[in-house]
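Report on the following structure.
Every number in this text was worked out from the coordinates using simple rules, so none of it is lab data. It should be emphasised that the depicted structure is a prediction, and the values quoted were computed from it without experimental measurement. A quick note on method: Cβ atoms are made from the backbone with ideal geometry, for glycine too, and the neighbour counts reach across all protein chains shown.
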Amino acid sequence: MTKPETLQQHLQVCDELYQLAHEENRHLKEHRRAPDAALLDRKRALLERLDQSLTSLRTGPTDSPTDRDTRQLVEKVRSRILQILQLDKENEQLLLRVSLSRGLEPAATPVPAASPAMLQKIYTRATS
């Protein structure tokens, strides 16, 4: 698979994660409770796909993106990742507020998330 195809596939996974984060955000705002297990299972499955996609990017060709379309695709991926991180941070804050307002421990175990610095490092290596 070529680098642009791998990047396009990675962007698709990122878009799906972004949509799921929006869904989680709506759920937290409307129901004021932790998401159900089905949503968390979908999130875990998408995170596994993200991990596979990152592995594909790391093992693919390591040439720098000289093609204009490839550079634009890399920028789209970076932009989407920043949007996901921002929305995920908001979701964590909403979940914390919901948990504290009820005086309960968080109902669901949070899905482990990579730090922004770690993600930036991964993408720098993958796109270099």
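For the chain, what does the alpha-carbon gyration tensor say about shape, rounded, prolate or oblate, given a ≥ b ≥ c as the root eigenvalues, a/c under 1.5 as rounded, and a/b over b/c as prolate?
Prolate shape, in that a/c is at least 1.5 and a/b is the bigger ratio.
Can you check what the net charge comes to around Asp15, using other residues whose Cβ is under 10 Å from the Cβ of Asp15 (Lys, Arg +1; Asp, Glu -1)? Intermediate results must be reported in sequence, preceding the final value.
Details: positive: Lys76, Arg80; negative: Glu16.
Cβ neighbours under 10 Å give a net charge of +1.
Among the listed pairs Lys3/Lys76; Lys76/Lys121; Lys29/Lys76; Lys43/Lys89, which have their C-alpha atoms separated by more than 20 angstrom in this model?
Flagged as over cut-off: Lys29/Lys76.
At each listed q (0.20 Å⁻¹), what is the log10 of I(q)/I(0) that the Debye formula gives for the range 30-95 modelled as equal alpha-carbon point scatterers?
Cα-only, vacuum Debye calculation for the range 30-95: -0.99.
Which of the DSSP-defined H helices in the chain satisfy a minimum axial length of 20 Å, computed from C-alpha atoms, and a minimum mean Kyte-Doolittle hydropathy of -1.0?
Helices meeting the criterion: 37-59, 68-102.
At q = 0.26, 0.27, 0.29 Å⁻¹, what base-10 log of I(q)/I(0) does the Debye formula yield for the range 1-60 when every alpha carbon is treated as an equal point scatterer in vacuo?
Results for the range 1-60 at q = 0.26, 0.27, 0.29 Å⁻¹ read -1.00, -1.04, -1.13.
Quick one: net charge around Ala126, please, counting Lys, Arg +1 and Asp, Glu -1 for every other residue with C-beta under 10 Å from its C-beta.
Here the count lands on +4.
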